[in-house]
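A quick write-up on the structure given underneath.
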Amino acid sequence: MSQAKYLSSLIFKLLSLCFVMLLVPASFSDAESGKGLIDIDALTLTAETGDPESQFELARLYDEGDGVDENNATAVDWYRKAAEQGYAKAQGYLSEMYFLGEGVEVDDEQGVYWARKAADQGDALGQNNVGFGYESGRGLTMDKSKAVEWYRKSAEQGFAMGQVSLASMYYLGEGVDENNEMVVYWIRKAAEQGDARGQTAFGELYESGDGVTLDKTKAFEWFKKAADQGDKKAEERFEILMLLAINQAVEKGQFPYQGKLDYMTRLEPWQIKEANHYFK
């Protein structure tokens, strides 16, 4: 299929999706979304007996607001209970909470402390977070080469965040020589396992032609995958494409002009401006 025909097909699909976006409510009930299916009371009782896996799972629910009201402080409490029992996953997540300052004051030393605890047990998130400490100089003396080493440990376990982090180092040439082939390799690994950041980055590579043949239709496909997961940057890129599709449909009499105006109210001025020049 030619690029022009493929683009026309893609725009038609996007236009259909646009009608759905304009007509379907933005949110669903908990029953429709599948949330609230976990027995929180039963999980809490098990966690309170001291079971670290249950404590970790309960922390995740509070962290994500899944079936309960989101409460990062409560999440930290449960992560800590599990982490202090040596549960590696909880140690990795507790490290992240300290680095991000979610549910607890930012504390880089504690972030590194728990990251190392997790990493020493082979936990991929812990390894990634140790790499972050070395890359940023937060809680550790900045050392880009060591950051690459830890990101690689994480990436080679198939951890998407580690793969994206390692790809970034190759892209920037920090701690390792610039290598577009390795950027594409690791970004593809993350994107193909469904990681939204990896999908967005892969879309950007196709959009810019860095390390791959420039292909805007493939870029849009990856932006769509990431946008479906709520990635903000991907949503912005996809919205630009959507407006492009609407503009073309309006010109052909296939979409009402008022519908275009209604859709444009969702966008930022820079998105509207870029859509007008996107394929020039």
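The values are calculated or read from the model by the stated rules, or taken from the named source; none is laboratory data. Everything numeric in this text was worked out from a predicted model, so none of it was measured. Backbone-built Cβ (ideal geometry, glycine too); neighbour counts: all protein chains shown.
Taking the stated definitions as given, is A191 over 28 Å from L125 (Cβ atoms), surrounded by 20 or more Cβ atoms within 10 Å (Cβ to Cβ), at pLDDT 85 or above and touching a Lys or Arg at 6+ places or on another chain (Cβ under 9 Å)?
no
Can you name the number of the only condition in (1) free of Cβ contacts under 8 Å to residues at least 12 places away in the same chain; (2) closer than 30 Å to W150 by Cα; (3) not hydroxyl-bearing (S, T, Y) that D231 fails?
The number of the failed condition is (1).
Go through the stretch 205-262 and report how many residues are under 29 Å from A191 (Cβ atoms), in contact with a helix residue (DSSP H, G or I) (Cβ under 7 Å, 6 or more places away or on another chain) and of a type in the set (D, E).
7
I need the full set of residues from the stretch 265-275 which are at pLDDT below 75 and either surrounded by 13 or more Cβ atoms within 10 Å (Cβ to Cβ) or touching a Lys or Arg at 6+ places or on another chain (Cβ under 7 Å) (or both), in order please.
Q271, I272, E274, A275
Is there any pair linking a residue in the stretch 255-280 that is in a helix (DSSP H, G or I) to one that is modelled with pLDDT under 75 and aromatic (F, W, Y), with Cβ under 9 Å and at least six apart or on different chains, and which?
G259/F19
Among the residues of the stretch 209-224, which ones are crowded, with 21+ Cβ neighbours inside 10 Å and of a type in the set (D, E, K, R)?
Result: K224, single match.
Within the stretch 99-128, how many residues turn out to be crowded, with 21+ Cβ neighbours inside 10 Å and farther than 20 Å from E57 by Cβ?
Residues meeting the conditions: 7.
In the list G175, G162, which residue meets the criterion of being of a type outside the set (V, I, T), closer than 21 Å to D231 by Cα and at pLDDT 95 or above?
Among G175, G162, only G162 is of a type outside the set (V, I, T), closer than 21 Å to D231 by Cα and at pLDDT 95 or above.
Would the stretch 205-223 turn up any residue that is at pLDDT 90 or above, under 29 Å from A160 (Cβ atoms) and within 15 Å of the chain's Cα centre (by Cα)?
yes
On the basis of being without any contact (Cβ under 8 Å) to a residue 60 or more places away in the chain, more than 22 Å from the chain's Cα centre (by Cα) and within 30 Å of Y206 (Cβ to Cβ), does G158 make the cut?
no
Residue by residue through the stretch 129-139, note down the ones that are surrounded by 22 or more Cβ atoms within 10 Å (Cβ to Cβ) and not charged (D, E, K, R).
N129, V130, G131, F132, G133, Y134, G139
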